[in-house]
Each structure stands twice: as C-alpha cells, then as structure tokens.
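Asker: Below is the structure I would like to discuss, written out as structure tokens.
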Amino acid sequence: MKLNHVPESALQQEPAKWIERFARFGYAAKGIVYILVGILAFQAAFHWGGKVTNSQGALQTVATQPFGRILLFLVALGLIGYVVWQVVQTIWDPEHNDRGAGAIARRFSYVISGLIYASLTWFALRVSLGNPASSGGGSSQQAATLLSKPFGQWLLGLIGVAIISYGFYCFYRAFTRQFQRRLKLDQMSQTTQKWVTRISRFGLFAKGIVALVIGYFVILAARAADPNQIRDTEGALQAIQQQPLGAYLMGITALGLIAYGVFMETQARYRKISP
C-alpha cells in the first residue's frame, strides 16, 4: 500500500498559517474595540446617549447587551490572537522590520502593545465569565508605583515622551500613506483603495491626536509627581470635550477612532502578513 507523502515544506508552512489566522482575528477584535469606543464617544458628544469611556468601558457596555457576554468572549479570543501576533513580531520579526535605527524601538513597541492588550484580554475574559472587574484607576495606580521607584519621575516623563512620539508617528503614517505598503492593494478596486486610504488616514490622525493628549498628561504627572494627573483614552476625550467647541471636536475625534477601528478591520482583511 502506497502512503501519500506530504512535502516537508508544507508541514513547515502549517504553523505559519495558524499565526496568520491569529493575527487577522486579532486585528478584527482590536478594530471592534476602537469602533465601540468611538461610537459611544460620538453619542456622548451630542447627548444622544452613549458615554465617554476607554476600551474597558466599551467592553463592559458590550457585556450588558443581549448575548453580550458571548460576544465579549469572542472579542476576548480575538484579542488573544492579537497578543500572540505581538509576541511573534517581537521574537521572530516575521515581517522583516529589523532594519535601520528604529528596529529596537519597533520591537519595544510590540512588547508594550502586547502587555496592554494582554491586560485588556484578561479584563474581557473576566467580564464575559461573569466576574466583576473594575476599570477605574489602573493607569494612576501604575504611575504611582513607578513614581515610588528611584528615578520614577524621569521614567514616567520618558514614557510621556514616547507616547507623544507615537502620536507624531501616527501623523507620519497618515500623511505619507506608509500603511499602504502593508496592504494587498491589488485585491481592491480603485474605489475601495480610495476609501480605504481616506478612512485609514483619518483614523491614524485621530489616534495621533489622542496619543498626544495622553502623553501631555503623562508628562504633567511626571513633573508634578502626581499620578492623579494621568489620563487614558477616556480622560483624553474628556479633555478635548472641555475645549471651546468641545462637542464638535470630540465628535470629530470619535469619528476618527471609528475610522481607526475600520482601519484595523482593513488590516484583518487585506494586510500582508508573513509569519
């Protein structure tokens, strides 16, 4: 009896396919989170219901809907995929980004992103399984812990600078359309390409604005050695809302966060992933 021979190369490629599925599922879940945050903030800006909240608050809102815990559990599974993808990018550099002076900074950003979304995943899993989970005070508590360490103010200040740098990097990606290099543009129609580019640039610009506001408050907290001045996405949106014409500014920013979520969904579908 003749046995079918499976090429060794095919066996080696199978894990890569699983990693790609994890990555795409992860981008989709991340996009859902940003879309929810943006929708709630947009509704709150014009007093149409909703509320200004962060990622955890958006996930808690999902849990209160019919079949919400089931949906939240699926989102948590997707976020696990995103965390796995960040780990893979950190260790193996599957997309061959380790070139130039920014290689170390890029891998460090994958580590930070992985830790942030691992925490969010744990939060989502707890809420989806019916365990109480508080979304308040996390950033302030972490900042207080850091400030209690030697050179804590300097370290917190450097974190603030890094967040602001990330905000400007979002602007750079938006204005130069650098993100297009990672998309399968040949699989899109001309109309789809045009709208994907517009929405993605708008989303990246809004993400950059939020990052600048968060980084600004982190630096203030470092200078004053006061962790209570720390702001997350929720606090950044509230700060925007308090400005002249704040409702309109927050509404535009909220639409931008929705656009960033759509950009993540585009990554899930069209990103060139080479695990």
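The values are calculated or read from the model by the stated rules, or taken from the named source; none is laboratory data. Because the structure is a prediction, the values reported are computed rather than measured. Quick reminder, even Gly has a Cβ in these numbers, built from the backbone with ideal geometry, and neighbours come from all protein chains shown.
Asker: If you check every pair at least six apart or on different chains, which have Cβ atoms under 7 Å apart with a residue in region 248-268 that is farther than 7 Å from G203 by Cα and in contact (Cβ under 8 Å) with a residue 40 or more places away in the chain first and a residue that is buried (at least 23 other Cβ atoms within 10 Å of the Cβ) and charged (D, E, K, R) second?
Answerer: As it stands, the answer is M264/K30, since those pairs meet every condition given.
Asker: Please go through region 43-65 and pick out each residue that is under 18 Å from G256 (Cα atoms) and either assigned to a helix (DSSP H, G or I) or touching a Leu at 6+ places or on another chain (Cβ under 7 Å) (or both).
Answerer: Q43, A44, A45, G50, K51, V52, T53, S55, A58
Asker: Exactly one of (1) closer than 16 Å to A222 by Cα; (2) touching a residue at least 12 places away in the same chain (Cβ under 8 Å); (3) polar (S, T, N, Q) is unmet by S148. Its number?
Answerer: (2)
Asker: Something else about it: So which of I199, I219 is in a helix (DSSP H, G or I), touching a Gly at 6+ places or on another chain (Cβ under 8 Å) and at pLDDT 90 or above? Steps first, please.
Answerer: Working: I199 fails: touching a Gly at 6+ places or on another chain (Cβ under 8 Å).
Answer to the selection: I219.
Asker: Let me ask you something else. With G78, G114, G100, G26 as the choices, which residue is under 15 Å from the mean Cα position of the chain (by Cα), over 26 Å from M250 (Cβ atoms) and either β-branched (V, I, T) or at pLDDT below 90 (or both)? Reasoning before the result, please.
Answerer: Details: G78 fails: either β-branched (V, I, T) or at pLDDT below 90 (or both); G100 fails: under 15 Å from the mean Cα position of the chain (by Cα); G26 fails: either β-branched (V, I, T) or at pLDDT below 90 (or both).
Being under 15 Å from the mean Cα position of the chain (by Cα), over 26 Å from M250 (Cβ atoms) and either β-branched (V, I, T) or at pLDDT below 90 (or both) holds for just one of G78, G114, G100, G26, which is G114.
Asker: Considering every residue within region 234-254, establish whether at least one is more than 26 Å from A221 (Cβ to Cβ), crowded, with 19+ Cβ neighbours inside 10 Å and among the aromatic types (F, W, Y).
Answerer: We begin by selecting, within region 234-254, every residue more than 26 Å from A221 (Cβ to Cβ); these are 245, 247-248, 251-252.
Now restrict to residues that are crowded, with 19+ Cβ neighbours inside 10 Å: 251.
Still in the running and among the aromatic types (F, W, Y): none.
No; the residues of region 234-254 include none that is more than 26 Å from A221 (Cβ to Cβ), crowded, with 19+ Cβ neighbours inside 10 Å and among the aromatic types (F, W, Y).
Asker: Could you pull out the residue among L249, L257, L237 that is part of a helix (DSSP H, G or I) and within 15 Å of the chain's Cα centre (by Cα)? Write out each step before concluding.
Answerer: Details: L249 fails: within 15 Å of the chain's Cα centre (by Cα); L237 fails: within 15 Å of the chain's Cα centre (by Cα).
Answer to the check: L257.
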